[in-house]
Each structure stands twice: as structure tokens, then as C-alpha cells.
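The structure appears below as C-alpha cells.
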Amino acid sequence: MKIFVCIKQVPGVSEVKIDPKTNTLVREGIPSITNPYDKNAIELALSIKEELGAEIAAISMGPPQAEEVLREALAMGVDRAFLLTDKAFAGADTLATSYTLSLAIKKILKELKKDEKYIVICGSQAIDGDTGQVGPELAEELDIPQITYVQKFQIKGDKVIVERIFRTEEVVVIETNFPVLISVLSEINIPRNPTMSGIVDAYQKKEIHYLDAERLKADKAKIGLDGSMTQVWKIFIPERKGEHIILTGTIEEMVQNLCENLKEDKIL
């Protein structure tokens, strides 16, 4: 079995800074980390490998410094790592990103033996863009089924069975065949920490495979800014208006007070 895990390097801060001229994230001087949801994806891949046997390939798209998140994935136990890096990829929205990732996966898929199963695992969303769109769009590019917001996962024979959050308090059980793409929630597991020997191997024995637009044979009209169907007009952090209201008293009194405040704000 082959497992692909898509990971992203994101700003390691609780409040991001926006360049007012370009409407892009300010990354200079900001520490970077592996997107937390992607660590859950890595952990799931590792648990599958330990139970059933598999080769795990971690894929990330970003500038050269994104190599660090791939080194961390290798230290955790991932077998191979691929960094998609090229100035032509810069400015990509979720559509252009998913297209580029799909090219890398298709390139690696050519190595698969006949009838070998594969699965693609993504985090449910990235903490910087927070769109949750790359996973589903990547599945469309690969023309495979997708299941999002997965909180439980198991493989039985040739079937993948998951529990998926459907609404706030609803869970659905979905069964499908391979290949499939799933995006996972943080509830699915607790990611392991890399061991010291794993860290040493990640930097001294394992390598990062670099892929640019030429090696991926990418259509330049579908990557980077040219391939992005969305344009960011403005990004800003909303300012808090007014003060918090703390309700006290009995439940009936607090409900009455809340309803009165909502009416005053013309919400009810």
C-alpha cells in the first residue's frame, strides 16, 4: 500500500500579520511550524503502516524553507519526502495548489505495482488560510472519492470505513473502496513526537526530493497566480466592537436578559 500525506508549513503564531499592500501573509521573522491538522494526518499514516505495512510519502508545496516540515515528517517515521518548490508556484490559491499536488502524486503513482492500493490523507484545514478546500479539490484532480472531517478510521480488507462529522452533533459512517482521499480532524489521534534517532536519520540518512514545474510537466496556465481562480482583495483582522456582557442570576433571568440584549441589537 502507498500512503500520500499532504502537509503545509504555516506561521507558528496565534495572530498572523498581513501585508496591507499585497494582502499576503507576512512570513519574514515569523517562526514556522507544521500545520497541526497535518500532524494528525501523518500520525494516521504511521499507524496504518505499523498495522498493515505501507510506504508513506509526504508532499508539501512551498518555498525552500518548507523543507523543515518535511524533515519533521521524516523524523516521525515517514519514508519519503517531496517538496514542490518553484517561483512559478508562488501566489497559488487552493485550486492551483491542488492541481500542483496532484501532479506530484500522479508522478509517484507511476511507480505503483499493478493493483497496489493507495490512499491520500490531508489535514482538514490549514490554520493560516482555514479554507478546507485543498483536500476535496485534490480528490477531484485525482478523480478519486473523498471523505472530509474524519474522526475515526479503519481498514477492513479492501474497504475503508470512517466516522465523519456531518453536523454539529451528527456523525455518519461511510464505507468506500481504494483509492480514496480523506481529510482528518484533530480528534482522530494524538501525533507522536519524533525520536532522537528519527531526527538524526531525517537529517543524515534521508533526503528531500525536489520537484519544480518543469519536472512535474505542469501547465503554466494552471499554477501560481495564473492558475488561481480567486483573487484576494483584502485581508484583515476584525476589530472587536463593544464589550462582553456577563449574564448573572437564575437561568430564567439570564435567558430574559439575553433576549432583551438581542432585541436591542436588532438580532431578534
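Post the alpha-carbon centroid distance, segment 222-264 to segment 140-217, in whole angstrom.
Computed from Cα coordinates, the inter-centre distance equals 32 Å.
Please give the FRET efficiency for Ala221 paired with Leu109, using the beta carbon to beta carbon distance and R0 = 41 Å, rounded to the nearest 0.05. Intermediate results must be reported in sequence, preceding the final value.
Details: r = 23 Å, r/R0 = 0.57.
So, using R0 = 41 Å, E works out to roughly 0.95.
Determine the calculated [θ] at 222 nm for the chain from helices alone, applying -39500 (n - 2.57) to every DSSP H run no shorter than 4 residues and normalising by the residue count; nearest 500 deg cm²/dmol. Mind dumping the intermediate values first?
On the way: 7 runs with 79 residues, N = 268.
The helix contribution divided over the chain gives -9000 deg cm²/dmol.
Given axes a ≥ b ≥ c from the Cα gyration tensor, I'd like to know whether segment 52-149 is rounded (a/c under 1.5), prolate (a/b larger than b/c) or oblate.
Rounded shape, in that the Cα axes give a/c under 1.5.
Gain in length, Glu140 to Glu170, computed as 0.36 nm per residue apart minus the alpha-carbon separation, to one decimal in nm?
Between Glu140 and Glu170, full extension yields 8.3 nm more.
Can you tell me the order of 172-184, 106-118, 210-222 when each peptide is scored by its average per-residue count of other Cβ atoms within 10 angstrom, highest first?
In decreasing order of mean packing, 172-184, 106-118, 210-222 become 172-184, 210-222, 106-118.
Can you tell me what share of the DSSP beta bridges in segment 2-222 is antiparallel? A percent to the nearest 5 is fine.
Of those bridges, close to 40 percent are antiparallel.
Under a 5 Å amide H to amide H cut-off, with H placed in plane at 1.01 Å, what residues pair with Ala126 once short-range neighbours are removed?
So Ala126 has HN proximity to Thr131, Gly132.
Going by average Cβ neighbours within 10 Å, how do the peptides 49-58, 158-167 rank, with the highest at the top?
49-58, 158-167
Just the C-alpha atoms of the chain: what Rg/Rh do they give, with Rh taken as the Kirkwood radius?
Rg/Rh for the chain comes to 1.04.
When a/c reaches 1.5 or more, the comparison of a/b and b/c decides; with that in mind, is segment 80-218 rounded, prolate or oblate per its Cα gyration tensor?
Because its axes are fairly even, with a/c under 1.5, segment 80-218 counts as rounded.
Rule-based calculations on the coordinates, nothing more; no lab input. Please read all numbers here as calculations on a predicted model, not as lab measurements. Positions of Cβ are backbone-derived with ideal geometry, glycine not excepted, and every protein chain shown enters the neighbour counts.
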